[in-house]
Amino acid sequence: MNGTYLRFYMHENRQVQGELLYEWLLELARKIGLHGGTAFKAMAGFGSHGRIHEAKFFELAGELTVEVEFLVTEEEAARLLDAVRAANVHVFYAKTPVEFGML
């Protein structure tokens with residue numbers, strides 16, 4: 001099946017409506033009928049600010065990146081992006097064409 005690989009990136013401590021953003025995003029996707037999604041916590045990385053974040057530094061607790069990903073149809077991706085926009089949540093995302101299926 002052809003579809004979309006939709007990924008969102010955020011700091012692990014970022015909140016929206018009193019809930020962690022990655023949890024809110026997964027719940028939103030479930031509510032609008034997506035069939036699954038997964039959140040992954042980064043080990044290390046840097047963003048547009050250029051500062052390195054690593055899990056080994058205690059003082060950076062809560063600042064590591066979480067990636068939330070979905071393998072969905074183009075229509076499902078559009079529904080999720082529209083729902084995030086409607087909630088006025090600002091979050092970086094990447095959208096890539098993908099082939100997926102089960103063997």
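For His35, work out the one condition from (1) over 13 Å from the mean Cα position of the chain (by Cα); (2) crowded, with 17+ Cβ neighbours inside 10 Å; (3) over 19 Å from Arg85 (Cβ atoms); (4) modelled with pLDDT of 90 or more it doesn't fulfil.
Result: His35 fails condition (2) only.
Give the residue that is nearest to the chain's Cα centre (by Cα), with candidates limited to residues of the range 71-103 that are touching a residue at least 24 places away in the same chain (Cβ under 8 Å) and exposed (fewer than 11 other Cβ atoms within 10 Å of the Cβ). Quick ask: steps written out before the conclusion?
Residues of the range 71-103 touching a residue at least 24 places away in the same chain (Cβ under 8 Å): 71-74, 76-77, 79-81, 83-84, 87, 89, 91-101.
Filter once more, so that each one left must be exposed (fewer than 11 other Cβ atoms within 10 Å of the Cβ): 96-97, 99, 101.
Details: Thr96: 14, Pro97: 16, Glu99: 19, Gly101: 21 Å.
So, considering only residues that are touching a residue at least 24 places away in the same chain (Cβ under 8 Å) and exposed (fewer than 11 other Cβ atoms within 10 Å of the Cβ), the one nearest to the chain's Cα centre (by Cα) is Thr96.
Of all residues in the range 1-26, which are of a type in the set (Phe, Trp, Tyr) and closer than 19 Å to Glu74 by Cβ?
Narrowing the range 1-26 to residues of a type in the set (Phe, Trp, Tyr): 5, 8-9, 22, 24.
Across the range 1-26, the qualifying residues are Tyr5, Phe8.
The values are calculated or read from the model by the stated rules, or taken from the named source; none is laboratory data. It should be emphasised that the depicted structure is a prediction, and the values quoted were computed from it without experimental measurement. FYI the Cβ positions are ideal-geometry reconstructions off the backbone, even for glycines, and counts take in every protein chain you see.
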